[in-house]
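Asker: Before we start, here is the structure in question, set down as structure tokens.
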Amino acid sequence: MTILRLSKLATRFLISDFRKGELTILIAALIIAVACTSSIGVLSDRLKRTMTNQSSEFMGADMVVRGHEVFSLSWLEKANQLGLSHGRTVEFASVIIANDELLLTSVKAVSANYPLRGRLKISDGGIVEEKFAEGIPRSGFVWVDPRVLTHLKLNLGDSVEIGEKQLTIEHVLTYEPDRGGNIYSLSPRVLISEQDLEATGIVQPGSHLHYREMFNGTEKQRLKYSHWLKPQLTLAQHLVDINEDRPELGSALRRGEQYLGLTSIAVIIIAGVAIAMAARRFSKRHYDTTAILRCLGLKQNEILGLFGMQLLLVGLISGLIGVGLGWVLHLGLFHLLESLLPENLANPSLTLLLLGAATGLAVLIGFSLPAILQLKSVSPLRVLRRELAPLPPSAWLVYISTAVTLFALITYHTKDLESTLIIGLVGLVSIALLSLMGATMLKFILRMLPHSNFAGRLAAQNMERNPKASNSQILAFGVTLMAMVLCSIVRTDLVETWAKQLPEDIPNYFAFNIYAHELDGLQKALATNNIKTSHFYPIARGRLTEINGTGIREVSKKNRQTERAAGWLYSLTETPSLPEGNRILHGRWWNNSPPGVVSIEQRTAERLGVILGDQLKFTVGSQQLSVTITSIRSVRWDSLQANFFLILSPGTLDQFPTTYLTNFYLPDHRKAELNAVSKVFPTVTLLEIDIVIEKVKTILKQVTAAVEYILIFALAAGVVVLFAAVRASLDERIHHGVLLRTLGANRKLLRQSHLIEFFGLGFIAGLLAAAASEILVYWLYVRILQLPYDFKWQFWIATPLIGAILVGLAGLWTTRNISKKSPMTLLREL
């Protein structure tokens, strides 16, 4: 048979099956899968890019290139050709002089259009009386950190000497949007115009300068430029992203994406189960038709092509409907989230809509092809003997391809291969446990039901007559309920756990550069004003010079990431107890360990290429400090607590000069009280982080609202699964119901037996889903999301009851015609 004739026949069969309602559930499940994947894909992508664009205000631009070398003029010309706007900052350490006194500061020279994102804040009075700046310092003028005035006993209008240039203090600088993520080791800032940089005479050959080339433009322009630029950057230059520059915001963005990805995975799995069950019934309903076609001369490959084309047509039609519905739903979600979203939203990506359609087609093929392959094996003798050949061995290859498809989809949504492997492994173990425990519990119930009334015995006979079908239904119900529980946990537990780490009274001020002789006095002053502080951490600033006895420059020649970290000035601290939000991944926290050991943050260890037992050497002032790595930690940067890359064992910093750091919460109406404290302790730096806290909380609100709406998809897909699983055995139930009605069974008896049967199947599936969910959630908490785990006892009670009610109602609704219609009418409808 030619492809054209086969296509026409496939179309006729498809129209006929659609009219009979054979494809209703399969199409519904596929539309839900595509609509969910498309809408959530576009929604999460737009949210992520919108928040990333907003977070770029904390870098001062959309894209930043950081390094120690002057940017090539040809690179700037390329940026201009692409339409990118450009700005620059040059930072360096320098001693400024006034009133015959010296002060080591961090000088930043900025271009005229700095910053490209965000705004500077200045003040002419107290620390609370600030305003937005218009532009940058004029040539001949300087804006300074409040500590400069205090240390050098200066006032606005006085002059300071920077190198060979005298500059007049015009304003107090209170806020810079791009003042790096390491807020614990900032020197007093001095801001000058780039026009005055050369006149200072400080920039000489060999000077240690930090250049930040800043670019603004559309996402397309930035992407094109970054692809062009990256291969040409030297070892001393690299593109900065929000994860590196502001880890607390990058962590929040990653966590939000994880939550949305988990719920999308759950919906896809639920829809996949529905497709598999619907396709199974579809294939069974076509056994006789296939046998007749075989008798008429169609070959096995033509049978496969015939039904494969139907499958493809269903996929294309449902995919188009699902993509359209997904687009509309994503617009609706943005409308519902309007109050939480900024005005300038990132444009939607049409590629993600196509990805949603491709995902639906992959799910359709992966979950339904095994059932279609079974049609290929139908023997022509079935017309006479109603026998069915066993599933061919090649079908197991399709099951493997289904697993690979799911693995690829989960990897895409988690963006983490390790997380995918964990979810896949735990998922397989959970399904295996569901199958084993389901079969065991089914046997137990079958032993109990014969001792009940007549309806209970009929229900037991229905389940016992085809235990394989009952087990498959329990598995389908169990997987569906498990996925729905996962969606619920993401909303009610994971997101709330995240929210609990961002309470209303989260510390919004950091106090640092606290000298040892001021420590007791500051503690008393804060306590007198009823300001509760956290732990006071000693801070020493050190530059990494050696790894395992090899100079950092030599190490960096082999590892580009190490070179990037080599120039950093690390804030070294020590504490006897593991800080909140930190978790030991490798090694162990010290218990009475001697001085000289260090715990290193995971990403920093990866950048430096170090492992447990390696030795690090730092230069702290004029002294040398050598430490051995005994543990590697993960850090919850989005907790916005005092977090550190390197933590030393107690006593390690005893011989080194240190200052102290702490943080505390102060509501808006009490912020003016800090003026009195700052006057008594003028050298202490008070840094407000309300803007960062608000940004992270906004991300949390957006994720919470989005997950709530995704739950609607999960519930819709779950309902489809329930009906698909029940309808999978509907034909057999009709035959059995007709026989019982013929023998005199009344409608009430049939309804009671169906209710008991489906109630029992739902209860078993719910109990097993609770057990499997507990295992999966444990691994999600401990290995992926790094959250504290607690036993979910409420789900052990709610899930079996909800499963029994949902499956019971779905079973009664689907089998209602068996008890209502006459036996002859039912037989004619088959």
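The values are calculated or read from the model by the stated rules, or taken from the named source; none is laboratory data. Quick caveat, the model's predicted, so the values are computed rather than measured. Here the Cβ is made from the backbone with ideal geometry for all residues, glycine too, and neighbour counts use every protein chain on show. We work out accessible area using only protein heavy atoms, side chains counted, and drop any ligands, DNA or RNA first. Shrake-Rupley method; radii C 1.70, N 1.55, O 1.52, S 1.80 Å.
Asker: Would you tell me the accessible area of HIS171, worked out with a 1.4 angstrom probe on the heavy atoms of the protein chains, in Å² to the nearest 10?
Answerer: Estimated to the nearest 10 Å², HIS171 gives 30 Å².
Asker: Still on this model: Express the carbon and sulfur contribution to the solvent-accessible surface of the range 594-657 as a percent, rounded to the nearest whole number, probe 1.4 angstrom.
Answerer: Numbers: 1170 of 2300 Å².
In the range 594-657, the share of accessible area belonging to carbon and sulfur is 51 percent.
Asker: Let me ask you something else. Taking the inverse of the average 1/r across all pairs of different Cα atoms in the range 63-131, what Kirkwood radius in Å do you get?
Answerer: Every distinct Cα pair counted, the radius reaches 15.3 Å.
Asker: Sticking with this structure for a sec: Sort the following peptides by mean Cβ neighbour count (other Cβ atoms within 10 Å, averaged over residues), highest first: 473-482, 641-650, 139-148.
Answerer: So the peptides 473-482, 641-650, 139-148, ranked by packing, come out 473-482, 641-650, 139-148.
Asker: Quick one: Karplus J couplings for the range 317-326, per residue in order, coefficients 6.51, -1.76, 1.60, θ = phi - 60°, nearest Hz, x for Gly and Pro?
Answerer: Working through the residues one at a time gives 5, 5, x, 5, 5, x, 5, x, 5, x Hz.
Asker: Given a 1.4 angstrom probe, what's the average accessible area per residue across the range 614-701, in square angstrom?
Answerer: Result: 38 Å² of accessible area for each residue.
Asker: If ligands, DNA and RNA are left out, what is the accessible area of SER634 with a 1.4 Å probe, given in Å² to the nearest 10?
Answerer: Rounded to the nearest 10, the figure is 10 Å².
Asker: When ligands, DNA and RNA are left out and all protein chains stay put, how many square angstrom of accessible area per residue does the range 126-176 have with a 1.4 Å probe?
Answerer: On the way: 2390 Å² over 51 residues.
The answer is 47 Å² per residue.
Asker: For the range 275-324, what % of the accessible area comes from carbon and sulfur atoms, probe 1.4 Å?
Answerer: It is 68 percent, rounded to a whole number.
Asker: Here is a further query. Order these peptides, 74-84, 284-294, by their mean beta-carbon neighbour count within 10 angstrom, highest first.
Answerer: Highest to lowest by the protection proxy: 284-294, 74-84.
Asker: When you count, for each residue, the other Cβ atoms within 10 Å and take the mean per peptide, how do 358-369, 685-696 rank with the highest first? Before the final figure, lay out the partial values.
Answerer: Details: 358-369: 24.1, 685-696: 18.0.
Descending packing order for the listed peptides: 358-369, 685-696.
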